[in-house]
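Notes follow the structure.
The values are calculated or read from the model by the stated rules, or taken from the named source; none is laboratory data. Source: prediction; values computed, not measured. A quick note on method: Cβ atoms are made from the backbone with ideal geometry, for glycine too, and the neighbour counts reach across all protein chains shown. Just the protein is used for accessible areas: all its heavy atoms, side chains included, with ligands, DNA and RNA removed. Shrake-Rupley method; radii C 1.70, N 1.55, O 1.52, S 1.80 Å.
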Number of protein chains: 2
Amino acid sequence: MEILDIGDVAERTGVAVSTLRYYDEIGLIASVGRRGLRRQFGPEAVWQIALIALGKKAGFSLDEIAGMFRANGTVDLPRPVLHGRADEIDRQIRDLTVLRDALRHVAECPAPSHLECPRFRKLLRVAGRRGKA
Amino acid sequence: MEILDIGDVAERTGVAVSTLRYYDEIGLIASVGRRGLRRQFGPEAVWQIALIALGKKAGFSLDEIAGMFRANGTVDLPRPVLHGRADEIDRQIRDLTVLRDALRHVAECPAPSHLECPRFRKLLRVAGRRGKA
DNA sequence: CTGCCACTTAAAGTCAACTTGAGGTCAAGC
DNA sequence: GCTTGACCTCAAGTTGACTTTAAGTGGCAG
């Protein structure tokens, strides 16, 4: 259970084999070797891929993700860069919170048009400010 | 200042004219009319587009965003659907929090390899759980 | 009335992130 | 030893979200 075939990795992560090959191709993940032609991965690949999926879901491009974590799963970026990324994510969390609140509000507010509701307008103002920045 | 040319909307929102035309084409926004050939928008378009930008930044597709807000800026989806969307965003916020914490941890943790650090492994476990769901 | 310029359309092009397809390889089970 | 099936490569195709291009239109300043 130390070394995994690409198919095993696919099964454990829920990521398609073709996608894993693609990630390997672009250097986002790295196989530990080959058995014949077959790529073999160490068990840490599963964690790496989970992180990649997380980053993707967070709206980061594969390039940006590659900039956060190395193919071997380690990170050796300067701290300020990492903190910068974290701050970026924090901003995104705040944006999402606005969106979520807007949605929840819309689900509950009895105003005839939401554009007339002061609470909704306030949410939109926040959205506008973020948009322009 | 009631009615805006597409160029004015572009300027106020920071979104390219071609993009606005594209949004119009796919029914994501709606012009209130034309002056000659020129599309005209009401001032609410600015808020709508801010919301679209917000949703995009949050990683939603234009289709998904279209499913949240109508072209005219109002919403008339059933409440459970809206709450479902909000819950989805909540999950995403939690995911982002994991990613942010992982990043911040990596920036600070002195462990030789992060894969050996128990705190990091715990973060990854959370990531793994989310990935499979 | 003329020219300008921001707009118009339709179609084609671009980019990221994959997926699909055709044809090939190899280790394992029968 | 032969088949099977999961893998391989390389190229081409797909999708979403736009942007670009070419050719045209029309309101307004001079």
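Per residue, chain B reaches -20000 deg cm²/dmol at 222 nm when only DSSP H runs of four or more residues are counted, each adding -39500 (n - 2.57). Chain B residue nearest by beta-carbon to the axis mapping B to A, with distance in Å: B:59, 2.
Between the C-alpha center of region A:1-68 and that of region B:1-50 there is a gap of 42 Å. The C-alpha atoms of chain B define a longest principal axis, and helix B:118-132 lies at about 50 degrees to it. Shortest first, residue B:34 label-point distances to identical copies amount to 6.0 nm, with the label point at 7 Å from Cα along Cα→Cβ.
Ranking B:6, B:46, B:19 by Cα position along the charge dipole of the protein assembly as shown, where only Lys, Arg, Asp and Glu carry charges on their C-beta atoms, puts B:46 farthest toward the positive end.
Inter-label distance, residue B:25 to residue A:125: 3.6 nm, where each label sits 7 Å from its Cα along the C-beta direction.
Computed from the C-beta positions of residue A:34 and residue A:79 and an R0 of 41 Å, the FRET efficiency is 0.70 to the nearest 0.05.
Total buried accessible area between B and A, probe 1.4 Å, nearest 100: 4600 Å². Dividing the C-alpha radius of gyration of region A:4-68 by 2.2 N^0.38 Å, with N its residue count, gives 1.05.
Rg of the Cα atoms in the protein assembly as shown, relative to 2.2 N^0.38 Å, amounts to 1.19. Each eigenvalue of the Cα gyration tensor of chain B, multiplied by 5 and square-rooted, gives one semi-axis; in descending order these are 42, 18, 10 Å.
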